[in-house]
Amino acid sequence: MSRTSPPPAPLLSAAIIVRDEEAVIQRCLASLEGVVDEVVVLDTGSIDRTVELARATGARVVEGEWYDDFGRSRNEVLDHCTGRWAVVVDADEVLFVHDVAGLRRTLRRSRADALQVTVDSYRDEVGTVGMSHQSLRVLRRRRIRYEGRLHEEVRPNRSDATLQVERTSLATIGHWGYIQRIVDERGKTERNIRICEAAIADGAGLRGVVDLGRTLAAAGRMEEAMVRFEEARHADDGFVRRTALAHGAAALVALGRAEEALSWVDALQDASRFAGAVDVVRAEVLVALGRVDAFVAAYESALAAAAGNAGVVPHDDGVGAAAERVRADLGLALLDAGRTREGVAHLLEAAGEGAMRIWPQLVAAYHELGQLDRVVVLLDLVGDVDRCRLVLAELAAAPGPGVSELLEGLDEAYPGSAMTVAFAPLVSDQLHLEQAVKWSARARAAGLSAHCPLANRVSSETLDATDRLLSAAVLVELFDDDRGRHGVEAVAAVVDPALFAGLVELVGQLAPAALELLVLSAVTNPARGVAMARALGSHGERDAAREILAHGLTLGHVDPALREEAEALRAELAP
């Protein structure tokens, strides 16, 4: 009788711990399709549809408990995985794999215990990168364990082993969990403080203290955080001491005590083997102090260290900053210091290395230099479509100087591009009225009337009342759009009566079809009726002025002074 060999173990598992994540779990799981061989989800007590949604995608769900201990839960879900490797993601994250076949080849050949990837933490729902860091997320499952209740760390599972780490650019992770609205809604700050306090009670010592300091600092409670960093800065444990000193320096900068932070950086230097990681911290303090030549030297020193370490700044505790992030920080700091050309050079290099968050500042700088045509060349809408989508998303999330001019430059270089038609509504507040009309017509011709820039401007929270009202009026005049009518009614009812004369003239010229609606919507009480009648009279609309005056005086109590003013105006308007 022949013996049947067992099937080979899967190459790559996905390991996720969850609790009440129905709003985001599907996005996360969708990003794993076609990349991993199995998905294992440890549910720690969901009462929403998280488990149902996960199982519907084919994930294997293990129902467990939550012990206020991330390290314990990470290890538990890894124990349920069967792959040789596991990629660790959270429900509020997405895995981006740029070359699936290449990643799987790397996993088959690598001798490392863990692969280091870039994690981009977003500052808004659009996906604007607010912070990037390196993290050990692709793990050779049987060689590692997690340690720590919070800010858990990857460690070799043998005490005599050294963790072998490689960096890969084949995968990145996008993280939405640090958006302040989400932090507040999910009560993450209170949960993390509770976890830290439990760890301290369990005997975590100064490791727990420094974790509590980091949690308080992330919540903006810098003074409280500094108490913990002060307590932990002299710890015998090198990791704890370096963590306290680095985060303490950052907290001091946030508190406006940058000069004091320099002494913390000096102490960090004494506690560290690798100068590059310290150079990054020192540079950030020097930026706050405005010492341009000094922060340039510090950043350049960190970049030199990264060049000899596969593009990552060497760090005593395993995970350093990627060169593109350091280069981007240097470029942005130079822009803020007024050294625009130097800043642009560094931002260009960072962009070439894959940095995305720098594009709004890069466009603004080229606009200042009068060289936006260079950005048009850089954005190859035909040859590198995926990269262009990411860049335009960054610009849409943080639009600034030069964006409207860039849009026109892209349109000239790539006439009829669907990408520019889709981009225009996202930056509608940056367009002048004539541009908004042009791109609204383009959107409608493409069947995208729901994304009309003029309509977006009507509901904008950043444009002033005049811009919103004129956009609404033109929307009525040119496109007979009910959103324009609603906009005219809403804005006219609250706009400052001192603006009536100018608005009557502009709307009369640009959108006469909306003029009557403007007048009637603006007159909501007797005082506004008198003001509008005066505005109409000054433009020769005497008959309309008399009608509005009479109408306005019927809308409520008229005090004696206002009645006297109205009678005088009535006499002026008499035929």
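Numbers at a glance
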| quantity | calculated |
| --- | --- |
| Residue satisfying all of: in segment 77-94; surrounded by 23 or more Cβ atoms within 10 Å (Cβ to Cβ) and in contact with a Leu (Cβ under 7 Å, 6 or more places away or on another chain); farthest from residue 44 (Cα to Cα) among these | 85 |
| Any hit, segment 502-509, residues being without any contact (Cβ under 8 Å) to a residue 24 or more places away in the chain and surrounded by fewer than 19 Cβ atoms within 10 Å (Cβ to Cβ) | yes |
| Of all residues making up segment 165-182, the number that are modelled with pLDDT under 80 and surrounded by 17 or more Cβ atoms within 10 Å (Cβ to Cβ) | 2 |
| Output for segment 53-69, where each listed residue is free of Cβ contacts under 8 Å to residues at least 24 places away in the same chain and either part of a loop (DSSP other than H, G, I, E, B) or of a type in the set (D, E, K, R) (or both) | 55, 58, 60, 63, 64, 65, 67 |
| Every residue from segment 155-171 that is among the basic types (Lys, Arg), under 24 Å from residue 72 (Cβ atoms) and outside any loop (DSSP other than H, G, I, E, B) | 155 |
| Residues being of a type in the set (Ser, Thr, Tyr) and in a helix (DSSP H, G or I) - total across segment 491-550 | 2 |
| Helices (runs of 4 or more DSSP H) wholly inside segment 336-382 containing at least 1 residues that are under 15 Å from residue 324 (Cβ atoms), in contact with a Lys or Arg (Cβ under 7 Å, 6 or more places away or on another chain) and modelled with pLDDT of 85 or more | 340-352 |
| Any pair with Cβ under 7 angstrom, 6 or more apart, that starts in segment 397-411 at a residue that is over 17 Å from residue 377 (Cβ atoms) and ends at one that is among the charged types (D, E, K, R) and in a loop (DSSP other than H, G, I, E, B) | 397/124 |
| Some residue of segment 33-50 being of a type outside the set (Val, Ile, Thr), surrounded by fewer than 20 Cβ atoms within 10 Å (Cβ to Cβ), in contact (Cβ under 8 Å) with a residue 40 or more places away in the chain and under 21 Å from residue 150 (Cβ atoms) | no |
| Matching residues in segment 310-331 - criterion: being part of a helix (DSSP H, G or I) and in contact with a helix residue (DSSP H, G or I) (Cβ under 6 Å, 6 or more places away or on another chain) | 323, 324, 326, 327, 328, 330, 331 |
| Filter result (hydroxyl-bearing (Ser, Thr, Tyr), at pLDDT below 85 and in a strand (DSSP E or B)) within segment 128-149 | 132 |
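The values are calculated or read from the model by the stated rules, or taken from the named source; none is laboratory data. Only a predicted model underlies this, so the values are computations on that prediction, with no experimental measurement involved. Glycine also receives a Cβ, built like all others from the backbone with ideal geometry; neighbour counts cover every protein chain displayed.
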